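Below you'll find the structure, written out as structure tokens, and then a few comments.
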Amino acid sequence: MAVNQIRKYIWLLDTLRRKGKLTFKELNDLWLNDEISEGVELSIRTFHKWRIAIEDLFAINIENEGKGEYRYYISTLYGVDNNPFFGWLIDTFSLGNLMMNSISLHERILLESVPSKRFLPTIISAMKEGKTLSIKYKAFWQDREKNILLEPYCIKQFKQRWYLIGRHVQANKILNYALDRILEIDKKEGMKFKLPTHFSAKEYFSNAYGIITGDEISEGTVVLQVSEWHAHYLRSLPLHHSQVEKESSGGYCIFEYHLCPTFDFQQEILSMGASVEVVSPQWLRKEIFSQITSMHDKYNKTIAKEPII
């Protein structure tokens, strides 16, 4: 299917999601005011073709009120509101549409790089076809590369990196691999697999902060005391779906989480500096204190020797 056609479907979905219920005339006016239309009106016949195609492609229904102004709307029964994937997909394509119509501003729009996304087509193809992947992989902490056979279960993006999660055939366990450390990847044509019916990517990561699932650290309740000004950042972008604000007074706020406080979560806490303090559990408080002490000692060695000006 042509990319330009997909852009039109996404335009329709994004418009209805942002504007809510619209009559066909209102939709057509918005269409003509957008560069994507190229000045050509949207016919009612074409509109209904798009509705059918969108339902087939995305399992999202565009329905009509059937009374009053006969306005069209996205039915929440199927999923933009219930499925984060479709929300992300629409947001991504909508941004792509906007960027395509703003080429003249390319020097004023700065984007972050996502390494090794070139492997995604092979991985997604293997996931759809149920084929095992042959991977040549070299971790940062290893001297030699390894050859791995992996049944691809799911992929996840975290902090500008893509990760592949699947069953390591030789080890017979589910492991995570960063795409930026993959050297080569191919589908093994003779090795098919079926995704276990009990596996859910959402459930697999439900108690994880990021990509580490906490095999060695049990899930539990974590309480953070956050400075009043920094709390705004956590409210607008929660650290985890379990985040609950328990208290807000006296220049600080208390946030509670239910997760596995693994290495990546600890690094996130440290990145917030003096704006956050671990209240509990005690072992995590001690671990963060140990990291801070180590950092202090490293800086103190040189700062103590510097002359006072």
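The values are calculated or read from the model by the stated rules, or taken from the named source; none is laboratory data. No experiment lies behind these values; they were computed from the predicted model shown. Cβ atoms come from the backbone with ideal geometry, glycine included; neighbour counts cover every protein chain shown.
Details
- Flag if Glu107 is out of contact with any helix residue (DSSP H, G or I) (no Cβ under 6 Å at 6 or more places or on another chain), within 26 Å of Ile36 (Cβ to Cβ), in a helix (DSSP H, G or I) and charged (D, E, K, R): yes
- For the condition among the charged types (D, E, K, R), farther than 30 Å from Lys156 by Cβ, modelled with pLDDT under 90 and more than 29 Å from the chain's Cα centre (by Cα), Glu69 qualifies.
- Among the residues listed as Ile54, Ile60, the single one being assigned by the TED database to the domain that holds Leu13, under 24 Å from the mean Cα position of the chain (by Cα) and modelled with pLDDT of 85 or more: Ile54
- Residues located in the range 156-167, provided they are buried (at least 20 other Cβ atoms within 10 Å of the Cβ) and under 10 Å from the mean Cα position of the chain (by Cα): Trp162
- Of the residues making up the range 243-277, just one is without any contact (Cβ under 8 Å) to a residue 24 or more places away in the chain, on the phi < 0 side of the Ramachandran plot and assigned to a loop (DSSP other than H, G, I, E, B), namely Gln243.
- Restricting Tyr153, Tyr137 to residues that are within 25 Å of the chain's Cα centre (by Cα) and within 25 Å of Trp88 (Cα to Cα) narrows the list to Tyr153.
- Filtered residues of the range 184-241 (kept if in contact (Cβ under 8 Å) with a residue 24 or more places away in the chain, under 18 Å from the mean Cα position of the chain (by Cα) and assigned to a helix (DSSP H, G or I)): Ala201, Tyr204
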